[in-house]
Structure formats: structure tokens, C-alpha cells
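Note sheet for the following structure.
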Amino acid sequence: MITLVRRVRRATALCALGAALAACATSEAPQTPRPAPSAPSATPSKPSRPPTLAPGPAGLTPVFEHGPRTAGKTVALTFDADMTADQGPRAASGERFDNPGLIATLRRLKVPATVFMTGRWAEEYPDAARSIGRDPRFEIANHSYSHYAYTDDCYGLPTVSRDRMRSDLERAYTAFRKAGVRDAMPYFRFPGGCYDEAALKELTAAGVTTVQWDVVSGDAFATDADAVARQVLDGVKPGSVVVMHCTRSAAPVTERVVRTIVPELRDRGYRFVKVSELIGTANGRG
């Protein structure tokens, strides 16, 4: 669904993470080549590029919050791999911004997922970024390079000036390619979930679809995995996008939450999908 000129709702838990992280270029993503016309195929050909939403009114960058409610019981788990541009010293001192146990659990449970990754995270953990990016079960999307906010007053995050917003986004794609991620998706999630009309206008030329969410997990800095799981299970509806985190130091219980919610949602008849499938369904391509 497309929403213009507003800050995201229900973002308290995510933005707690953004505030703590603050304290604490090329152009588009590569496109999958279209099969030769004469190539035999037992199934219909896939789209030549990932689905995106059309620009909104006045050509602004479109915003996607959840998929259709009437297109089946699907749900997308998304994980923000946050690391701000100035947190290198903390990583060097031993703080872990990755979460290999979470990724291993998603693989073991055969759960597709979309990882919104900062370019700085990809630079710090290139092997992990490459492994995630080359696993067909996952897709990597853009969470900015710096994890600096694209609006003022975004829960204490440093800010990116308007004239640097697009270059910050494109720098993340450059970091992904250097790490060996071949097909990062044309999807963007604002740091802290904060955006306004000016930010949407500045990113229009990048050709991305902004992806928000309709279910906040509350995993940021949580210590009670059961409470986080209940919040997710209470909030999920058909087509939901759930926001979680792939950061051990800032979201230590997320892997346990996934082990709880995945079998429960499957028992309820839900099928896990990537964000690209939800957007494709919204476009009538699913």
C-alpha cells in the first residue's frame, strides 16, 4: 500500500534501536537477464527484474507497508542489519552487529526472508553479506550506507543532508557489490523508519520502492523473547511485513523469537515469503 508524506506508525521499538545506534554509487541494482526467447521452459518465465511499485502522486518514491489482505495467508519476515558509519571502533573492540545464529535458524527452518542491510554492515561482515546475498532463500535490500536519518529529529540519529541522500543510498549498493552481493533488491528502508516528502522526492531518481512494515516485533533491546513473540503473533495479518533485527548486540533474543513464531504461524496456515513476492502480488504479478 502506498503512503505519502508521513512518518511511519508503530515504530517505537525500532526507533529505540535507531537511537541507540546513533549514540552508541553507482545506480540501480543489477538486473536478472531475461531468458532467450527460444529457450524452452516448463514453467512461465519469471519477470526480468524485481517487482517495484509505480511512483506515487507527483512522482514521489512509493511506500509499501504490507501486501494484499485478500491474496492468501502470506507473511514476510524482514530483518534490519544495522550498523552506523561511525561504529567501527565498537566492532573492533568486540561488539557484534551480526547474528549468524539467526541466519542459521532461518535456513534450518526453511524460512525465506528479506534483510535490509546498511552498507557499513556489509563492509564489516562481507562474508556474511555475500553468503546471505547468494542464498536463494534470502534477498538483500538497502537500509542506507550510514544508518543516518533522512529527516530531522529521528530518535537521536545523526542526519543526512538532502543533497547527500541519494548518494548515501547508492553507496550502500556499492558496498554490497564489493562484498560479492550480486543482486541486491531495488527496495529501501529508511533508517529509524523516518521519512517525509522531501526525502521521498530526493530518492525518486534512484528508482527504489520504500518498504516499511505493519507489524513491529519489539525485538530491539528486548530480553523477553516470549513477549516479543506474542507481539508478533498478535499483530500478523495476511500480507503482513514484520520488522525485526539481525544485530546480536542490539537484538539478542531475535533468534529465539523466530524459533517460536515460525511453527505457530505455520500452524495457523501462513506461508513465509520475501518482500518481493508481496510487492509482486500487489502489482498483480503474484
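Restricting attention to segment 67-86, which residues are of a type in the set (S, T, N, Q) and out of contact with any Lys or Arg (no Cβ under 7 Å at 6 or more places or on another chain)?
Hits for segment 67-86 are Thr70, Thr78.
Restricting attention to segment 106-127, which residues are on the phi < 0 side of the Ramachandran plot and open to solvent by 10 Å² or more (accessible area, probe 1.4 Å)?
Of everything in segment 106-127, those that are on the phi < 0 side of the Ramachandran plot and open to solvent by 10 Å² or more (accessible area, probe 1.4 Å) turn out to be Arg107, Arg108, Leu109, Pro112, Arg120, Glu123, Glu124, Tyr125, Pro126, Asp127.
Could you list, in sequence order, the residues of segment 90-105 that are in contact with an Asp or Glu (Cβ under 9 Å, 6 or more places away or on another chain) and open to solvent by 30 Å² or more (accessible area, probe 1.4 Å)?
Passing the criteria: Gly101, Ala104.
Going through Ala199, Ala205 one at a time, which residue ends up being surrounded by fewer than 16 Cβ atoms within 10 Å (Cβ to Cβ), closer than 25 Å to Ser146 by Cα and of a type in the set (A, V, I, L, M, F, W, C)?
Numbers: Ala199 fails: surrounded by fewer than 16 Cβ atoms within 10 Å (Cβ to Cβ).
When all the criteria are applied, what remains is Ala205.
I'm trying to understand the selection: among the residues of segment 252-273, which are closer than 30 Å to Ala91 by Cα and open to solvent by 50 Å² or more (accessible area, probe 1.4 Å)?
Pro252, Arg256, Arg259, Thr260
Which condition number does Arg90 fail, the rest of (1) assigned to a loop (DSSP other than H, G, I, E, B); (2) at pLDDT 50 or above being met?
(1)
Regarding segment 55-64, can at least one residue be identified that is open to solvent by 10 Å² or more (accessible area, probe 1.4 Å), at pLDDT 90 or above, in a loop (DSSP other than H, G, I, E, B) and in contact with a strand residue (DSSP E or B) (Cβ under 9 Å, 6 or more places away or on another chain)?
The answer is no, given that none of the residues of segment 55-64 is open to solvent by 10 Å² or more (accessible area, probe 1.4 Å), at pLDDT 90 or above, in a loop (DSSP other than H, G, I, E, B) and in contact with a strand residue (DSSP E or B) (Cβ under 9 Å, 6 or more places away or on another chain).
Only one of (1) charged (D, E, K, R); (2) open to solvent by less than 10 Å² (accessible area, probe 1.4 Å); (3) farther than 29 Å from Thr84 by Cα is not met by Asp219, so which one is it?
(3)
Right, Pro40: open to solvent by 30 Å² or more (accessible area, probe 1.4 Å), within 21 Å of Met117 (Cβ to Cβ) and modelled with pLDDT under 95 or not?
no
Taking segment 158-178, which residues are closer than 24 Å to Val243 by Cα and not in a loop (DSSP other than H, G, I, E, B)? Step through it out loud before you land on a result.
Looking only at segment 158-178, we keep the residues that are closer than 24 Å to Val243 by Cα, and these are 158-160, 165-166, 168-173, 175-176.
Of everything in segment 158-178, those that are closer than 24 Å to Val243 by Cα and not in a loop (DSSP other than H, G, I, E, B) turn out to be Thr159, Met165, Arg166, Asp168, Leu169, Glu170, Arg171, Ala172, Tyr173, Ala175, Phe176.
Residues of segment 44-54 being modelled with pLDDT under 90 and either β-branched (Val, Ile, Thr) or within 20 Å of the chain's Cα centre (by Cα) (or both), which ones?
Residue satisfying the conditions is Arg49 alone.
Among (1) open to solvent by less than 20 Å² (accessible area, probe 1.4 Å); (2) of a type in the set (Ser, Thr, Tyr); (3) modelled with pLDDT under 95, where does Ser249 come up short?
Ser249 satisfies every listed condition except (1).
Could you please tell me which pairs satisfy a Cβ distance under 6 Å, a separation of 6+ or placement on different chains, a first residue in segment 116-145 that is within 12 Å of Phe176 (Cβ to Cβ) and aliphatic (A, V, I, L, M), and a second residue that is assigned to a helix (DSSP H, G or I) and open to solvent by 10 Å² or more (accessible area, probe 1.4 Å)?
Partner pairs satisfying both residue conditions: Ile140/Gly133.
Taking the conditions exactly as written (in contact with a helix residue (DSSP H, G or I) (Cβ under 7 Å, 6 or more places away or on another chain), aromatic (Phe, Trp, Tyr) and under 29 Å from Lys201 (Cβ atoms)), does Tyr155 satisfy them or not?
Numbers: in contact with a helix residue (DSSP H, G or I) (Cβ under 7 Å, 6 or more places away or on another chain): yes; aromatic (Phe, Trp, Tyr): yes; under 29 Å from Lys201 (Cβ atoms): yes.
For Tyr155, the condition - in contact with a helix residue (DSSP H, G or I) (Cβ under 7 Å, 6 or more places away or on another chain), aromatic (Phe, Trp, Tyr) and under 29 Å from Lys201 (Cβ atoms) - is met.
Checking the condition open to solvent by 10 Å² or more (accessible area, probe 1.4 Å), of a type outside the set (A, V, I, L, M, F, W, C), touching a Cys at 6+ places or on another chain (Cβ under 6 Å) and over 26 Å from Val273 (Cα atoms), which residue from Tyr148, Tyr155 passes?
After ruling out the rest, the residue left standing is Tyr155.
The values are calculated or read from the model by the stated rules, or taken from the named source; none is laboratory data. What you are looking at is a predicted structure, and each value in this text was computed from that prediction instead of being measured. Backbone-built Cβ (ideal geometry, glycine too); neighbour counts: all protein chains shown. These area figures cover heavy atoms from the full protein model, side chains too; ligands, DNA and RNA do not enter into them. Shrake-Rupley method; radii C 1.70, N 1.55, O 1.52, S 1.80 Å.
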